[in-house]
Every structure is written in C-alpha cells, then in structure tokens.
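Below is one structure, written out as structure tokens, with a few remarks after it.
Rule-based calculations on the coordinates, nothing more; no lab input. Quantities reported herein were computed from a predicted structural model and do not represent experimental measurements. Don't worry about glycine lacking a Cβ; one is built from the backbone with ideal geometry, like all the others, and counts go over all protein chains shown.
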Amino acid sequence: MRGRLIWHALALLAACLPALARAEGEPAATFAGQTVIGVREADGVASFRGIAYARPPLGPLRWMPPQPLADRTGTVDASRFAPACPQGEGNARWYRRVAQAMGADPALVPPLSQISEDCLYLNVWTPQPGAGARLPVMVWIHGGSNENGYPHEPNYRGGVLARQDVVVVSIGYRLGLLGFFAHPALGADASGRQGLLDQIAALRWVKAHIAAFGGDPARVTLFGESAGGTDIALLAAMPAARRLFARAIIESGYLAPDGVTDLPAARRFGAGLFDPAITAERLRALTWQDLIALQDRKLPGHFHTPVAPAPRRAYVPLLIGSNADEYRMYLPSDEAGLRAALVEELRGLSRRKALQVRRWAARQSRDLVGQVDAVSSAKAFHCPAARMATATAGASQPVHVYRFARVRPGGHGLGAYHGAEIPYVFGTDDAWLPAAQEDAALSRQMQQYWLGFARTGDPNGPGLPRWRQWTSVASPIQTLGGRSTPDIKPAQPPCALLDR
C-alpha cells in the first residue's frame, strides 16, 4: 500500500513538472492571494488569458446577476482563452461574408470550437506586469448584436496596442437569450440586462485588480463596436457603472431609440417565445443548445435589446463615430428589394420630408444601393451618434467625433462597411483583407488617436492632424481614411428630417 502511494505521488509530481517549468519563464501577476501565470508573446507583450471575474452562471445562477467569485489562493494557469459564451453561427457567417466579398475562400473562417455557459472571463495584455507601472487601461467590449462574438477574436487581440504602453482588457459577457432575457415565470431573477451586469462585474474586477498588471484603475477607457458601443453608451449613463471608468470610445454603436427596451416589454417578448404554461423550472432545465436553436429559428438577425433607458449623453469624455457605409453589406441585392427598403426607411415621414431626404440621398450617390445605404446608415448610426455627441458636449464633457471612410482596395462593393475600422484600431488584419501602404499608415494614425484619448481624454498628439472638439455650437467631424482632409466635414445627413 505504501509503495503504491509513493508511486502515485511521484506520478503526480511528474505531471506537474512541465507546468512548473513553463511557469518559471512566463509572466506572472499576483492579486487577492493568487498568482496568475500568463504567456510571453512573440512581441514581448505579456498576455493573461481566461481569468475568471465572476462565478459561472450555471444551474440556479442562470439569468441571475453575476455573483462574486469565492476567494482563491495559489497559482492559476492563465495561458488559454476561455470558451465563448453560447451563440450560434452568426459571428462566423459575418466573417465569411466579408472574406467572400474580398475574394477569399469563406472556408478560411472556422466555426467556434469552444462554447460554454461558463464564460465570464476576461483577458489582459500588458507590456509591464507589476503594480508600479500605472499605465492607462483600455477595456474592449465586443459587438455582435448582443447575440454573437467573443473577447478573443483574432481582430481583438491587444498585443499591438499594449506594446505602446497601455494595458488592454477584453471581456466576455452573456449573450442572446442568456444575457438579455426576461420572462414572467422568472420574475426578478431575470432582469433583461444580464449582459450589462456582467460588464459591470468585469469593470469592478478591473478597478480592483488591474494595478497588478501594470494598469491604472483611475484611467480606464471603455471602447467597443456595434452592440459593444451600444452597451458602453448605456454604461456611461448607469449609476452602477459610475466611477468604474473615466472615458468612453463608441465605434458604430446602435443608438437609435429602439436599441433598448423596458422590463414589461422584455417580459412580453420573452413569454412569446415559449409555451404560455412554461415554468421557471422548465426554463432552467433547457440546455444552452436548446436556447440557441430557438434563437436561430425564431429570431434570425435579431438585435438583443437591453432593459435600460435610452442612452442620451455620456458623463465622461467621449470619442464617438461611425463608418461611411454602415448598412451597405446588409442591403438587398435586387432593385425591388432596395426600393422596398427605402420606402420602409422613409415610413412615417411627411411627403415633403421624404422628398427632401430622397434628394439628399441622390446627391450622395448615383446608384440606388448607395442612396439606401446613405439613408439607413444616417438613421441608425450617423444621426444618433451626432445627437449623443451634442448632448454630451452640453453636459460639459469633451467630445470628439469621427467618420471612418477608408474603402479597402478591390472590387468587393462593401464600401467602408460596419466593423471595417476594427483591424485599424487593433493593428490586426485578417489574411483575406487586401491592403495598401495607406492602410498601414491609417492604422498607425488611428491607434495614436485612440491611445492619446485613453491617456489624457484628448486624441491629439505630436505629428497627428489636428482633431477639433465637438461642441454645442460647432460640429467638426474627423474623417479617417478616404479622400477628405481632416478639416473637411463629410456631408452631413439631414438628421432633423429623419426624426419621426
């Protein structure tokens, strides 16, 4: 018996040796009684992957607010990314669509391999792990209609930014019917804003522990795109998120009035998806695969609206903007479909206003797809961003507004599409994205703007074209890419006409 115990002990020690040997040369950060062991990347940046910030929302905790972690001690392996939160194929379909338009094989984009409800984790990239550095912190909230996406997508890796003396954090949060769901049977257990509460929990973790990774908890900037930008706009007005971040960058956030809902409407919506007699026990007994299958069947292309007041202004310095052709890739390809889409966009306007909008759109583009794109992008992105910029400036916060206009080389027909700015901000590029020298220069310029804003609240810096501040009386828009010079404001949409 004693010999068998010794053999087991030796076997256990042998199993641990590779991990111990690996850990000796890898970066480490110590906080709250534990030491996390990360990875030294090829560029010298330290990355810490899959760090838990809340308890797994499993079993009775499904749909509940995120719960604090139990105290942990000892060494934690932070060398692998955590699974993505439950979702369908929407994220991969989007990337395949872009790849195919760029002339690449869409099969280059694989499906997600790891998915789990146990997904409340974050990742950190830092040039200087250690409590003494006090570097600015940039926290990325990914987009995907609050239904798709994950924090370690290849385009969201923070190494390039971190090399420039900033700490980058990306966070996972519950999505779809697990993250933005309410139902009468669940009562107060399901708030319809679980994903937002996850983001707040992650920000609390950042405030408490980011100093151990070289970050300054007093200089946290949120940045995010699409639904991530929408969520940031909501966080910027939520009392529970106050003092958790100092600045906000909203890239193509969907800020239209129907981007949020209230609790009674969310409960009605949730009840309509299931048998009227379903109970809380039966809802909790469903697998996440059951819920994703229902999403795919009943809610294709659905934007999952949080239960929250409509975002009107930020109470922190704001950098906000949109892309020139936000809607182009989502429009019908046939003329009849385009005409129907334009009619739908103009529904509710008087005949006089509709005619004025049509004339404005005709000045923007000679072809119908460009005209519909101009109206749709203005309604959903350009005008709401301008309204939030004006309201935030009116609250005495500094505001800078951009319009991303760079069109990648080639005949892909996507224009400056929704999400096109992300690889420029992160300095990452998918293999299928065609590029010229000006793309590399634009990426460096945008990174300097974003980093400058994260450091000081002002994107301007040495060698950069001057970016003028948006005010209640002046509305300069910085054009990023395209043919316009930085001092020429892009053609403004008739926002007052588009308001119903």
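Worth pointing out:
- A simple spin-label model places the labels of Arg444 and Ala70 5.2 nm from each other, with each point 7 Å out along Cα-to-Cβ.
- Counting every pair of alpha carbons in region 82-175, the share spaced more than 15 Å apart comes to 64 percent.
- Using θ = phi - 60° and Karplus 6.51 cos²θ - 1.76 cosθ + 1.60, couplings along region 204-221 (whole Hz; Gly, Pro as x): 5, 4, 4, 4, 7, 10, 5, 4, 5, 9, x, x, 9, x, 8, 10, 9, 10
- Alpha carbon centroid spacing (whole Å) that separates region 415-483 from region 226-268: 23
- Rounded to whole Å, sorted largest first: equivalent-ellipsoid semi-axes of region 2-498, Cα gyration tensor: 38, 28, 22
- In degrees, nearest ten, helix 368-377 long axis to first principal axis of the chain (Cα): 60
- Beta bridges per DSSP, both residues in the chain: antiparallel share near 30 percent.
- Filtered trypsin sites (Lys or Arg not before Pro), region 274-338: DSSP coil and at most 10 other beta carbons within 10 Å: none
- One equal scatterer on each Cα of region 252-337, no solvent, Debye formula: the resulting log10 I(q)/I(0) at q = 0.11 Å⁻¹ is -0.52.
- Here the gap between Asp77 and Ala107, fully extended at 0.36 nm per residue and compared with their Cα-Cα distance, gives a gain of 7.6 nm.
- Between 0 and 90°, nearest 10: helix 335-346 axis offset from the chain longest Cα axis: 90
- Helix 351-364 axis, angle to the chain major axis (alpha carbon atoms, nearest 10°): 70
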